[in-house]
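The values are calculated or read from the model by the stated rules, or taken from the named source; none is laboratory data. Keep in mind that this is a model prediction, so the values were computed, not measured. Ideal geometry is used to build each Cβ from the backbone, glycine not excepted, and the neighbour counts take in all protein chains shown. We work out accessible area using only protein heavy atoms, side chains counted, and drop any ligands, DNA or RNA first. Shrake-Rupley method; radii C 1.70, N 1.55, O 1.52, S 1.80 Å.
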Amino acid sequence: LLYSKIPFKLQTINTIDRPDWFITEINPNGTVPILITPTQTIADSEHALDYIDSLDGTSQSIVSRDASVKDIVGGVFGAFVGMLKCGSEEVDEKKKELDQVMFELEEYLERREWKENEYLCGDTMTRMDFNLIPKLYHVKVAGWNYREYAVPEKCSKVLKNLQNGMNQECFELSKCDEDTVIWGSSKFFK
C-alpha cells in the first residue's frame with residue numbers, strides 16, 4: 001500500500017495477546033496481516049496483494065513476471081525458523097541449510113544478470129520483493145541475535161538486494177524495529 005501510494009489506516013495487533021475484538025469482529029482465525037476493504041476482509045497476503053494490484057490508480061503492477069523465484073523465496077523463512085527452533089546440537093547443520101537457500105538466491109540473481117540497483121525481478125519492486133525483504137531483515141536481525149548467523153559474504157547480490165529493499169521509504173515506514181524483531185522471534189524458543 002505504501003509502495004503503491006494507496007491511502008490506508010494501519011492498526012497493529014499484538015499477536016501474543018490478540019484483543020478479543022480482533023478475534024470476534026475482524027478475523028476469527030486471529031492471523032495477521034489482514035486487509036479490510038469497504039466490501040471485504042482479506043486474511044490471505046497473496047489475495048491482499050492481488051486486490052491492491054487491481055485497484056484503479058495503482059501506479060505499477062507488483063506482480064512478478066518470473067515464477068521461478070517463488071520457490072527460492074519461499075524457502076528462506078522455513079530454513080530460518082528451522083535454524084531458530086533447533087536444538088544446540090543441530091545449529092551448525094541448520095545454518096548450512098539456510099546458507100544453501102542464500103546460495104540458491106544468489107545463483108538466481110547471477111542467472112538474471114542482476115544489477116546492483118535492481119530488485120529481485122527487475123528495476124521495480126514486485127510481490128516477491130515484498131515477500132523476501134522482510135524475511136531477509138528478520139534473518140539479519142534475529143539470526144544474528146539468537147544464532148550468530150549472517151548471510152554469507154559471498155552472497156553479495158543477496159545482501160545488496162536486501163539493502164535496496166531496506167532503502168525504500170515503504171520498508172522504512174513499515175518495518176518493525178530490531179528489538180521487536182528479536183522479541184517476535186523469541187516465540188520459537190518456547
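Observations on the structure shown:
- Put simply, the amide H of TYR119, placed in the peptide plane, has neighbours under 5 Å in THR124, leaving out anything fewer than 5 places away on its chain.
- Fully extended contour minus Cα-Cα distance, from VAL81 to GLU153, at 0.36 nm per residue: 23.8 nm
- Residue-by-residue Karplus 3J(HN,Hα) for the range 95-109, coefficients 6.51, -1.76, 1.60, Hz, glycine and proline x: 5, 5, 5, 5, 4, 4, 5, 5, 5, 5, 5, 4, 5, 4, 5
- Measuring nothing but how far apart in sequence close Cα pairs (under 8 Å, 6+ apart) lie, relative to its length, the range 83-159 scores a relative contact order of 37 percent.
- Basic side chains Lys and Arg get +1 at the Cβ, acidic Asp and Glu get -1 at the Cβ, and with that the dipole of the range 14-153 about its Cα centre reaches some 200 debye.
- Whole-percent carbon and sulfur share, accessible surface of the chain, 1.4 Å: 49
- Annotation: amide H-H contacts under 5 Å for ILE42 (H modelled 1.01 Å from N, sequence separation of 5 or more, or interchain): LEU35, ILE36, THR37.
- Excluding exposed DSSP-loop GluC sites (Glu not before Pro) (at most 16 other C-beta within 10 Å), longest clean stretch of the chain: 1-112
- Mean sequence separation of contacting Cα pairs (under 8 Å, at least six apart), scaled by the length of the chain, corresponds to a relative contact order of 19 percent.
- Along the axis of the charge dipole computed for the range 1-129 (Cβ charges of +1 for Lys and Arg, -1 for Asp and Glu, origin at the Cα centre), the listed residues ASN27, GLY74, CYS121 are led at the positive end by ASN27.
- Karplus-based coupling profile of the range 14-31, in residue order and whole Hz: 6, 6, 7, 10, 5, x, 4, 4, 5, 5, 7, 9, 10, 8, x, 6, x, 7, with θ = phi - 60° in 6.51 cos²θ - 1.76 cosθ + 1.60 and x standing for Gly or Pro.
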